[in-house]
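Some notes on the structure that comes next.
Only the coordinates and a few stated rules stand behind these numbers; no lab work does. As the structure is a prediction and not an experimental result, all values here were calculated from the model. When we count neighbours, we look across all protein chains shown, and the Cβ atoms used for this are built from the backbone with ideal geometry, even at glycine.
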Amino acid sequence: MPWLSIVLGVLGLFTTGAVVPYLNRWVSNWGPRQHWLLGLMALFPAWLIAFLGLLPLVALLGIVFTDTAVRRLDKSGYFLSPFKYWLLGLAGLLPAWLITLWIIV
C-alpha cells in the first residue's frame, strides 16, 4: 500500500508539474486558486491511498453500508426525515473517524 501511494504521488507531481506551463498558454483566466487546486490534485490520490491504508476498509465499508441503506430506502419509497438521513451520513464515517483519532492520540 505505501508503494502505491508513493508511485501515485510521484506521478501526480510530474504530471501536474508538466501541465502548469501549458495551462498558462491554453487558459488565460486561471488564477492562483486554480493553480493551488492543481497542486492539491497532484497529491490527492496518493494521500487518499495512504489514508485508507490507516483504516483497513473501515471508512469504505461504512460509506458503502450507509449508501446501500439510503438507496434501498429511496427505492422502496419509504422516506425518513432529513435529520435521520443526516445521521446515516454521519454513521458512514463515524467509526473510521474514531479509529483514526484513537490511532493518532
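Filter the DSSP H helices in the chain by two things, a Kyte-Doolittle mean of at least 1.0 and an axial alpha-carbon span of 30 angstrom or more, and list the hits by number. Kindly include the intermediate steps, with their values, before the conclusion.
Values: long enough: 2-26 (36 Å, 1.09); 32-54 (32 Å, 1.17); 82-104 (33 Å, 1.47).
Helices passing the filter in the chain: 2-26, 32-54, 82-104.
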Q) Of G62, G92, G77, which is the most mobile in a GNM of the chain whose springs link Cα atoms less than 10 angstrom apart? A) G77
Q. What nm value, rounded to one decimal, do you get for the distance between L61 and Y78 when each label is placed 7 Å out toward the C-beta?
A. 2.4 nm
Q | GNM top mover of V27, V19, V64 - the chain, alpha-carbon springs below 10 Å | A | V27
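If exposed chymotrypsin sites (Phe, Trp or Tyr not before Pro) are those in a DSSP loop with at most 16 other Cβ within 10 Å, what is the longest stretch of the chain that has none?
Details: sites that count: W30, Y78, F79.
The longest such stretch corresponds to 31-77.
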